[in-house]
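Heads up, the thing below is written out as structure tokens.
The values are calculated or read from the model by the stated rules, or taken from the named source; none is laboratory data. Owing to the predicted nature of the structure, the values given are computational and were not obtained by experimental measurement. A quick note on method: Cβ atoms are made from the backbone with ideal geometry, for glycine too, and the neighbour counts reach across all protein chains shown. Surface accessibility is based on the protein's heavy atoms, side chains included, excluding ligands, DNA and RNA. Shrake-Rupley method; radii C 1.70, N 1.55, O 1.52, S 1.80 Å.
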Amino acid sequence: MVEQRVAQSTDRFARKRDAILDASIPLLNHRGVKGLTLGLAAAAVGLSTTSVTYYFKRKDDLAAAILTR
């Protein structure tokens, strides 16, 4: 039972993180690293900026994840 909840939580985390990355790619392409903000990324997926910081602590972390992807 606990393992199932952990797996669901991990899957949900991965899906949300992927959604943030997917929505942020066009922002990064259009605005560059300097113009990319966690607020813009959050708005693109309908989250608050604080929610995005759960997945990416700083915008540089988000940009690096996009480039690594």
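Here are a few things to note about the model shown:
- Sulfur and carbon atoms: percent of accessible area, the chain [1.4 Å]: 54 percent
- In the full protein context, the chain carries 68 Å² of accessible surface per residue, based on a 1.4 Å probe and ignoring ligands, DNA and RNA.
- Dimensionless Rg/Rh of the chain - Kirkwood Rh, Rg from C-alpha atoms: 1.04
- Förster-model FRET efficiency, 22 Å R0, Arg69 and Ser48, C-beta, rounded to 0.05: 0.40
- Taking every C-alpha pair closer than 8 Å and separated by at least 6 residues, the mean separation divided by the residue count of the chain gives a relative contact order of 29 percent.
- Distance (nanometres) between label positions extended 7 Å along Cα→Cβ at Thr10 and Asp60: 3.0 nm
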